[in-house]
Amino acid sequence: WHFKDFFTVAVKEPEKAVSPDPAVAEPKPEEPKEAPPAPTGSENITFVARVCGESLLKKPSVKWIKGKWMDLASKSGKHLQLKEHYDRNSKVYTFEMHIIAAKANFAGAYRCEVSSRDKPVCSCFLVRDSLLSYSSTDAGEDSGELDFNLSNQIHSLPTLKPEVDVWEILQNAPPSEYEKIAFQYGITDLRGMLKRLKKMKKEEKKSAAFLRKLDPAYQVEKGHKIKLQIEVANPDAEVKWLKNGQEIHPTGRYIFESVGNKRFLTINNCTLADDAAYTCTIGEEKTVTELFVKEPPVLIVRNLEDQMVMKGERVEFECEVSEEGAQVKWEKDGVELTRDESFKYRFKKDGCKHVLIINDVTKEDCGHYRVKTNGGQSFAELMVQEKQLEVYQNIADLTVKAKDQAVFKCEVSDENVKGIWYKNGVEVKPDARTHITHIGRIHKLTIDDVKPEDEGDYTFVPEGYAFNLSNVSLNYPPKIHLDCMGRTAESTILVVAGNKLRLDVPITGDPAPTVVWTKGEKVLTDSDGRVHVESTKGHCIFTIEGAERQDEGVYSVIVRNPAGEDTADINVKVVDVPDPPEAPRILSVGEDSCVVQWDPPLFDGGQPVIGYVLERKKKKSYRWMRLNFDPFKETTYEAKRMIEGVPYEMRVYAVNAIGMSRPSAASQPFVPVAPTSEPTGLCVDDISDTTISLKWRPPERIGSAELEGYGVEYCKEGSDEWIPAFPSLTESTSVIVCDLPTGEKMQFRVRAYNMAGPSLPATLQQAVTIREIMQRPKIWLPRNLRQTLIKKVGETINLVIPFQGKPRPQVTWTKNDELLDPKQVSIRNSDTDTILFIRKSERKDSGKYEVQVQIENVQDRASVNIQIVEKHSQFGVPENVIDVWGFNVALEWKPPKDNGNCDITGYTIQKADKKTMDWYTVYEQYRRTNCVVSDLIMGNEYMFRVYAMNMVGLSPESFLSKDSAYIQKTGIVYKPPSYKEHDFSEAPKFTHPLVSRSVIAGYNATLSCSVRGIPKPKITWYKNKMDITNEAKYRMFSNQGVLTLEIRKPCPFDGGVYMCKAVNDSGEDIIECKLEVRCKYMPLTQKLPRNFIPLSQVQHVWVLLNTEID
């Protein structure tokens, strides 16, 4: 909260003024006037600060400071007094500083700091040493007023030369002179001055030693730490730190650090002793700064309490502050209390506790006592009641004879009480016959030589007590003594709802009157529960526990006794916190903000609402976070710094002078979202005489909210009236806008929509003329149609070939340079493609198809080859048996005449015993047209048949061999033909080597290789040159020359060099590989099994292998 608009400091006119000094009085340039009278060295000076408190929840705190940080609250005494006052009507706080009997050494710079919620505003002024004078702009009634506004301060100072630049002076001055220059030129905001100097680009001379120097000044709170940093040009340079010219050595509080070319000085737990000038030197170069240590405010932890004591007793006011050893000031009714010679007041300090002791209190000690620190204050009221004087013996009536002695005697409880004797209301004076004595508690009036004129009523009245002792009984009518009677606003008593309402009414009357309290026509008694009525001597007390709204109204008190009655009306108003406002409404949302609005509460609690406090929370959270600490006066607020995409709720409190209301109901959940970014890549895809095709890409940033769609708009060139192209949003990123005027220049734009609204529009760079443009025809042949398309007989053919061209081109299909028959082939054309469709293809549909698109004299062509295949129908020549020998039969045949319009991929040869005619396949995928069938059974007669195979499959039928083949039985002498037998023997040779492997222990592993050789070689496996054929741990497999060694669950000991050896009659071959077995991860804490044998202890392993491979 800022006091700038209505904060003034005034200097009151001194009681005695002297003629102004011409050397001091400096007139205005426009109209010269004399300076106001200046106080001399023996006069009083008063400074007054006024603060408007209409919008403050509590009283602001004020500090009077001299120089930099000297708090004058601790200097109060004979020559300095601080006072404050609050006017309830104007709601203005007044703070005064009185300098009594000013002396020359009081001169200096003073400032007043006023803060609310730690937001200070200060005003500074000078007291000169020559005349202790002050500056002013006019000599009228407002002479001496100083406004906290900096602009007004500048006008109130003596006229400056126009060519003087204050900021230039500050830039060239050392930091130690800043405050002096600021006061000289009227700059009151010292912190703002330092911030501005820091932001200004000051051209400094290049330093050979420093890359970065210290800032002009630093500020730190007491007890905190601060780090001073410089950058040096030479990383190896040594620096020295000095405090007020004295070198600093590293300690627990002063820490030196060096990181690269940076040097740091860290001061821990700063105290007021650290408020000094610090210098960093490198050789002869140095950089200087000033550190200001600000003492934190001392808060009052436990406040003073009101006390009511009897006269003569001892009173102790006790409070507790936040720091030990803090200075406090005691005041009574605004006047500071000091130790005097009578020791009336005693001040006691015990750690954080401070006690004011008042001995032997009197009625003069009644009043309001206050304890003040530099961070707060506390009030308490002291009420002193006189002791009730008890009468032990009253005056008795006397009847005496003339010339006898008459003695009137009375006895009271207090020996020190004096009194006066009266006769018929006239004071009795002692003389020769009349004697007045006071011995202890007994007071006597003795009359010697009684005469008739001595007859009358004698009365004794004690001093300081409101009763008398008399031998005559008198009645006094009752009287109510109030200064707030009536029903005006000034006489209304305010009570906060929930607090105790206590009406203590002083009354008089003799005999003691009876008291009746009423509200309206209802008589109030103790039977009402919360109401308590009490009457004491001289007072009637009316109390309501926990005041409520219905307790508001006019209360009447009636006092009666036999002498009469008296009545008084007391207007009581019960004030409370406001009712909670209605649930707030969310007007709009942004990326990280929202605008919320609410209605004022229906009931303001009897006090005007001074503002509102808002809170927010995440929907799934229970923790509310306050958004403002000072009351916000409007009913519309923009909340910021929220997370996009997270649902939130808001609620509002109303605040009046009494306090804060209960929270309103939470608002409807809302999600802060921002509109998306604009769509990208908007371009024209196609255009005709009445339509246009647009396409674009989605926005780069969509945000947390889902994209609802796109809005397309258009307008004529030169017009600002945008017309929606579609009644609703479209989800597609390409559209066709129809019914456009031919020849018009149109502009188009696209906006993306989400729950936050539309994004920025993406607009075409220039207007588009709605007219179709000639486009050269072009066929885009699909990649799969650039090769021969193969289909089976009966399958459907559907060719889709896209093309481009404007206007719509003419499409022509041909097959083998002839037009297609529409009865056999269906052709469908569109603006962008052509389709060739054959429902059931046949062999005759094979061929080269060509499509042509033509616009006037421009054309484009593309061709597609289609091949329709099926199974072949029959063989050209039946199968023949060429030769039979031993258990073998040689067959021969010729390829089929019709291959099904595709190549023959192989033959399937089958055999059957003529007795059973069960067919068994001998060869599959056999490519030659002759073969030898072996391993036939002797004595059987065999038939043979052959199937041809193409890409469609096996032929539907096969041809049997013309002749059967009979295998003769044993005993028949067979004469082999006379030809030289061919030697097919071949030495073993490995065609695929073993590969070295690394496996994990516990998982089966295999080693594979392949070998060939005729006759079939014998295979032997070795590990580390030892035969492992009969080892149970290993399994060997051989399939069509592929050799596999399987190792079951290997362990680290199974690692080594494995060798495979192939041997036949023609020779042998060897191949080997390395096998590494890695151990599983074993924790260090795991124990080894009992049968575990370290490898270093294994000396011999014997393995016997003897296995032959068939």
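The values are calculated or read from the model by the stated rules, or taken from the named source; none is laboratory data. Keep in mind that this is a model prediction, so the values were computed, not measured. Ideal geometry is used to build each Cβ from the backbone, glycine not excepted, and the neighbour counts take in all protein chains shown. Heavy atoms of the whole protein, side chains included, go into the accessibility calculation; ligands, DNA and RNA do not. Shrake-Rupley method; radii C 1.70, N 1.55, O 1.52, S 1.80 Å.
Pick from segment 671-683 the residues that are of a type in the set (A, V, I, L, M, F, W, C) and at pLDDT 90 or above: which of them is nearest to the chain's Cα centre (by Cα)?
First, pick out the residues of segment 671-683 that are of a type in the set (A, V, I, L, M, F, W, C): 671, 673-674, 682-683.
From the residues that got through so far, the ones that are at pLDDT 90 or above too are 682-683.
Details: 682: 38, 683: 41 Å.
Going through the qualifying residues, I end up with 682.
Looking only at segment 922-945, which residues are in contact with a Leu (Cβ under 8 Å, 6 or more places away or on another chain) and either charged (D, E, K, R) or within 13 Å of residue 912 (Cα to Cα) (or both)?
Step one: of segment 922-945, the residues in contact with a Leu (Cβ under 8 Å, 6 or more places away or on another chain) are 930-933, 942-945.
Matches in segment 922-945: 933, 942, 943, 944, 945.
Looking only at residues that are outside any strand (DSSP E or B) and surrounded by 12 or more Cβ atoms within 10 Å (Cβ to Cβ) in segment 236-246, which one is modelled with the highest pLDDT? Walk me through how you get there before you give the answer.
Applying the first criterion (outside any strand (DSSP E or B)) to segment 236-246 yields 236-239, 244-245.
Those left that are additionally surrounded by 12 or more Cβ atoms within 10 Å (Cβ to Cβ): 237, 239.
Details: 237: 87, 239: 90.
Of everything passing the filter in segment 236-246, 239 is modelled with the highest pLDDT.
Taking only segment 993-1026 into account, find how many residues are in a strand (DSSP E or B) and over 13 Å from residue 1062 (Cα atoms). Talk me through it step by step, then tell me what you get.
Of all residues in segment 993-1026, those in a strand (DSSP E or B) come to 997-1000, 1005-1014, 1018-1023, 1026.
Keeping just the survivors that are over 13 Å from residue 1062 (Cα atoms) gives 997-1000, 1005-1008, 1023, 1026.
Number of matching residues: 10.
For residues in segment 985-1029 being hydroxyl-bearing (Ser, Thr, Tyr) and farther than 27 Å from residue 1053 by Cα, which is farthest from the chain's Cα centre (by Cα)? I'd like the intermediate steps shown before the answer.
So in segment 985-1029, the residues hydroxyl-bearing (Ser, Thr, Tyr) come out as 985, 991, 996, 998, 1003, 1006, 1008, 1010, 1020, 1022, 1029.
Checking which are farther than 27 Å from residue 1053 by Cα leaves us with 985, 991.
Values: 985: 87, 991: 71 Å.
Checking each candidate, the answer is 985.
Would you call residue 1045 open to solvent by less than 20 Å² (accessible area, probe 1.4 Å), closer than 16 Å to residue 1075 by Cα and assigned to a loop (DSSP other than H, G, I, E, B)? Give the derivation first.
On the way: open to solvent by less than 20 Å² (accessible area, probe 1.4 Å): yes; closer than 16 Å to residue 1075 by Cα: yes; assigned to a loop (DSSP other than H, G, I, E, B): no.
So residue 1045 does not fit the description; no.
Taking residue 346, is it open to solvent by 40 Å² or more (accessible area, probe 1.4 Å), assigned to a strand (DSSP E or B) and not aliphatic (A, V, I, L, M)? Before you say what the answer is, go through the steps one by one.
Working: open to solvent by 40 Å² or more (accessible area, probe 1.4 Å): yes; assigned to a strand (DSSP E or B): yes; not aliphatic (A, V, I, L, M): yes.
For residue 346, the condition - open to solvent by 40 Å² or more (accessible area, probe 1.4 Å), assigned to a strand (DSSP E or B) and not aliphatic (A, V, I, L, M) - is met.
Give just the number: which of (1) farther than 17 Å from residue 49 by Cβ; (2) of a type outside the set (S, T, N, Q); (3) surrounded by fewer than 16 Cβ atoms within 10 Å (Cβ to Cβ); (4) at pLDDT below 75 does residue 119 not satisfy?
All conditions pass for residue 119, except number (1).
For residue 951, work out the one condition from (1) within 15 Å of residue 896 (Cα to Cα); (2) open to solvent by less than 100 Å² (accessible area, probe 1.4 Å) it doesn't fulfil.
Answer for residue 951: the failing condition is (2).
Filter segment 889-946 down to the residues that are exposed (fewer than 13 other Cβ atoms within 10 Å of the Cβ), farther than 30 Å from residue 791 by Cα and of a type in the set (Lys, Arg) and list them by number.
Scanning segment 889-946 gives 914, 915.
Got a number for residues in segment 704-734 being of a type in the set (A, V, I, L, M, F, W, C), in a strand (DSSP E or B) and closer than 29 Å to residue 645 by Cβ?
We begin by selecting, within segment 704-734, every residue of a type in the set (A, V, I, L, M, F, W, C); these are 705, 707, 712, 715, 722-723, 725-726, 729.
Pick out the ones that are also in a strand (DSSP E or B) and you get 712, 715, 723.
Remaining after also requiring closer than 29 Å to residue 645 by Cβ: 712.
The qualifying residues number 1.
Taking segment 247-258, which residues are over 13 Å from residue 228 (Cα atoms) and open to solvent by 20 Å² or more (accessible area, probe 1.4 Å)? Working first, answer last.
From segment 247-258, those over 13 Å from residue 228 (Cα atoms) are 247-253; that's our starting set.
Listed by number, the residues that qualify are 247, 249, 250, 251, 252, 253.
Which count do you get for residues in segment 720-748 that are among the polar types (S, T, N, Q) and surrounded by fewer than 11 Cβ atoms within 10 Å (Cβ to Cβ)? Reasoning before the result, please.
Applying the first criterion (among the polar types (S, T, N, Q)) to segment 720-748 yields 728, 730, 732-734, 742, 747.
Imposing the further condition that a residue be surrounded by fewer than 11 Cβ atoms within 10 Å (Cβ to Cβ) reduces the set to 728, 732.
Adding up the residues that qualify gives 2.
Considering only segment 370-388, I want to know if a residue exists there that is more than 30 Å from residue 344 (Cα to Cα), touching a residue at least 60 places away in the same chain (Cβ under 8 Å) and over 60 Å from the mean Cα position of the chain (by Cα). Full working, then the answer.
Kept after step one, since they are more than 30 Å from residue 344 (Cα to Cα), are these residues of segment 370-388: none.
The answer is no, given that none of the residues of segment 370-388 is more than 30 Å from residue 344 (Cα to Cα), touching a residue at least 60 places away in the same chain (Cβ under 8 Å) and over 60 Å from the mean Cα position of the chain (by Cα).
Scanning segment 477-496 for residues that are part of a loop (DSSP other than H, G, I, E, B) and at pLDDT 80 or above, which turns out surrounded by the fewest Cβ atoms within 10 Å (Cβ to Cβ)? Quick ask: steps written out before the conclusion?
First pass over segment 477-496, keeping only residues part of a loop (DSSP other than H, G, I, E, B): 481-485, 487-492.
When the remaining residues are screened for being at pLDDT 80 or above, the result is 481, 492.
Working: 481: 13, 492: 15.
Per the criteria, the residue is 481.
If we keep just the residues of segment 764-780 that are in a loop (DSSP other than H, G, I, E, B) and without any contact (Cβ under 8 Å) to a residue 60 or more places away in the chain, which is farthest from the chain's Cα centre (by Cα)?
780
Filter segment 684-707 down to the residues that are more than 29 Å from residue 806 (Cα to Cα) and charged (D, E, K, R), then identify the one that is farthest from the chain's Cα centre (by Cα).
In the first step, residues of segment 684-707 are kept if they are more than 29 Å from residue 806 (Cα to Cα); the result is 699-707.
So of that shortlist, the ones also charged (D, E, K, R) come out as 700-701, 706.
Values: 700: 26, 701: 22, 706: 24 Å.
Among those that are more than 29 Å from residue 806 (Cα to Cα) and charged (D, E, K, R), it is 700.
How about segment 568-592: which of its residues are open to solvent by less than 20 Å² (accessible area, probe 1.4 Å) and either part of a loop (DSSP other than H, G, I, E, B) or among the hydroxyl-bearing types (Ser, Thr, Tyr) (or both)? Before you say what the answer is, go through the steps one by one.
Step one: of segment 568-592, the residues open to solvent by less than 20 Å² (accessible area, probe 1.4 Å) are 568, 570, 572, 574-575, 578, 581, 584, 590.
The answer is 578, 581, 584, 590.
Quick check, is residue 360 modelled with pLDDT of 80 or more and open to solvent by 80 Å² or more (accessible area, probe 1.4 Å)? Break it down stepwise before answering.
Details: modelled with pLDDT of 80 or more: yes; open to solvent by 80 Å² or more (accessible area, probe 1.4 Å): yes.
In short, yes.
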